[in-house]
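Some notes on the structure that comes next.
Here, each number is a calculation from the coordinates, and none is a lab measurement. Here the structure is a predicted model, which is why all the values come from computation and not from measurement. Neighbour counts are summed over all protein chains in view; Cβ atoms, including those assigned to glycine, are modelled from backbone coordinates with ideal geometry.
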Amino acid sequence: MSTTAINETHDPKQKSWVDAANEAGADFPLQNLAFGVFRRAGKAEDFRGGVAIGDQILDLAAAVRTGMFAKDAAEAAVLASAPTLNGFMGADPGLASALRLALFRALREGSALEGRARACLVPMKDAEMGLPAAIGDFTDFFSSVFHATNTGSMFRPDSPLFPNYKHLPIAYHGRSSSIRVGSLASPHTFPRPQGQSKPADAPAPLFGPSKRLDYELEVGVWIGRGNDQGTRVSIEGAEAHAFGLCLLNDWSARDIQGWEYQPLGPFLAKNFATTISPWIVTLEALAPFRVAEFTRPAGDPAPMAYLDSPHNRAAGGIDLKLEVLLLTARMRAAGLAPVRLSASNFRDSYWTIAQFIAHHTVGGCNLNPGDLFGSGTQSGRTREEFGSLLELSWGGKTPVELPNGEKRAFLEDGDTLIFRGHCSRDGYARIGFGDVAGTVLPAN
Ligand code: MN
């Protein structure tokens with residue numbers, strides 16, 4: 001099956017009997033059908049899988065008990081109703097596709113299953129979201145050439161990009177234990193990290209709370225089917241191993257990073273917290289928004305054969321619009337709305353999801369269902385498209401001025417960072433990601 005084929009579940013003319021799913025600007029219309037894990041807040045319940053529809057969650061465990069699914073969709077729904085979605089993500093992609101079609105038909109206007117399905121709805125406002133999967137491994141890429149060039153030029157003005165950048169997708173192996181879901185309704189909170197740093201003018205390293213705490217605007221890629229150790233995933237088959245996408249904030253302590261990152265890369269600068277959005281938007285839902293891979297400037301090297309395919313060239317990218325918003329403690333106290341800091345697009349990523357997977361496995365590394373990739377900070381060409389404060393404030397030299405008079409070179413305690421994402425295109429339903437949000441607490 002193709003990850004870019006348009007089918008019945010993308011039909012923009014179909015509406016849902018859940019009214020909120022049909023509102024203009026809704027993140028979760030009938031054509032999205034994002035998967036997550038939830039329970040009713042304040043109840044002694046087990047987490048279980050659910051599907052987002054409008055402002056509601058279809059409880060898949062309850063839906064399975066009604067007998068509303070048949071054949072492959074029934075098999076898939078049992079897997080997707082578990083407390084973690086690893087089993088569902090690792091199953092044949094055809095099963096998830098069958099469940100998507102069954103959900104589309106059950107939730108659309110005029111469905112004979114409306115009565116049974118309506119009894120399985122839980123309002124999102126009453127739900128507590130959980131991690132969608134047990135995340136075995138987390139790998140964070142560095143796929144925006146604009147971000148890489150910006151950050152590199154601060155430290156190495158004469159040669160911002162390392163010579164390998166345009167030949168392979170750079171990444172580091174991250175930490176999965178500190179990944180949490182968070183959204184504006186229930187932000188992920190964590191204390192400001194402490195550690196070693198060494199300001200340029202200091203004779204010796206210092207210890208204390210980070211003074212240069214930052215966010216990174218990233219797309220998360222959930223791995224579906226894995227591969228056996230010692231085998232590799234070809235770029236042609238790579239997208240069949242990507243279950244779906246979320247939004248990801250790779251919180252980064254720049255002062256800790258600056259002192260520790262050579263020679264082996266980020267460590268404590270990034271291992272204290274990562275926040276992801278709770279809903280997984282499947283690659284199938286994103287089929288209408290596929291675009292050609294990033295156009296490499298003339299003179300850039302062509303990707304090696306294992307990182308190149310006709311499909312990847314023609315449709316390896318995703319037109320996914322991203323934005324960053326900040327709500328400071330003072331803004332919150334004054335009842336002000338979050339303010340937008342920047343906006344960018346995942347289509348400007350130098351490397352694609354298929355290239356991430358093909359490269360990650362080319363040496364024989366095995367991926368497992370529920371592994372998570374971060375795309376790396378998604379910055380675009382202009383300042384309005386920069387995906388971190390490090391870039392917006394250019395290393396702290398030009399603080400961002402907020403409408404209420406506050407300034408930010410880096411994050412302060414009480415700051416809440418919110419990322420949103422959506423795909424839109426004439427002739428198709430808008431597909432939203434919801435939001436990811438986290439709040440910085442004072443250091444312990
Ligand atoms: Mn990152």
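Projecting the Cα atoms of PHE373, ALA240, ALA354 onto the charge dipole of the chain, computed from C-beta unit charges around the Cα centre, puts PHE373 farthest toward the positive end.
Loop-located trypsin sites (Lys or Arg not before Pro) in segment 74-171 (DSSP state not H, G, I, E or B) with no more than 10 neighbouring Cβ atoms inside 10 Å do not occur. Under a Cβ-Cβ cut-off of 15 Å, what is the net charge of the residues other than PHE138 that fall near it, where Lys and Arg count +1 and Asp and Glu count -1? Residues near PHE138 contribute -3 overall.
Test of understanding: in a Gaussian network model of the chain with alpha carbons linked when under 10 Å, which of GLY317, GLY395, GLY335 would top the mean-square fluctuation ranking? Among GLY317, GLY395, GLY335, the largest GNM mean-square fluctuation belongs to GLY335.
Legend: calculated FRET efficiency, ASP19 to TYR428, from the Cβ-Cβ distance at R0 = 22 Å, rounded to 0.05, equals 0.60. When both segment 164-189 and segment 222-261 are represented by their alpha-carbon centers, they are found 9 Å apart. If you line up the long axis of helix 145-155 against the longest principal axis of the chain, both from Cα atoms, how many degrees apart are they, to the nearest 10? The two axes meet at around 20 degrees. Projected over all directions and averaged, the alpha-carbon convex hull of segment 1-152 occupies 11.7 nm². Here the Gaussian network model covers the chain, with springs between Cα atoms less than 10 Å apart; of GLY376, GLY421, GLY396, GLY396 fluctuates the most. The convex hull built on the alpha-carbon positions of the chain has an orientation-averaged projected area of 21.8 nm². Distance from the alpha carbon centroid of segment 330-345 to that of segment 354-386 works out to 28 angstrom.
Structure remark: mean-square fluctuation, Gaussian network model of the chain, C-alpha springs under 10 Å; the largest value among PRO93, PRO297, PRO288 belongs to PRO297.
Approximating the spin labels as points 7 Å out from Cα along Cα→Cβ, the ALA41-to-LEU441 distance works out to 1.7 nm. Listed cross-link partners LYS198/LYS397; LYS211/LYS397; LYS211/LYS270; LYS166/LYS198 are compared with a 20 Å cut-off, the Cα-Cα value being larger for LYS166/LYS198. Annotation: extensible slack from ARG296 through GLN196 equals 32.2 nm (criterion: 0.36 nm per residue apart, minus Cα-Cα distance). Based on alpha carbons, the Rg and Dmax found for segment 23-85 are 12.3, 35 Å.
Between segment 1-24 and segment 65-99, the alpha-carbon centres lie 19 Å apart. Given q = 0.09, 0.11, 0.20 Å⁻¹, what are the Debye log10 I(q)/I(0) values for segment 239-369, with equal point scatterers placed on the Cα positions and solvent ignored? One equal scatterer on each Cα of segment 239-369 leads to -0.39, -0.58, -1.35. The three principal axes of the C-alpha atoms in segment 317-444 carry coordinate ranges of 50, 44, 27 Å, sorted with the longest axis first.
Each Cα pair under 8 Å and six or more residues apart adds its sequence gap; the mean of these over the residue count of segment 236-338 is a relative contact order of 24 percent. Once the Cα atoms are used to define both axes, helix 71-80 deviates from the longest principal axis of the chain by about 40 degrees.
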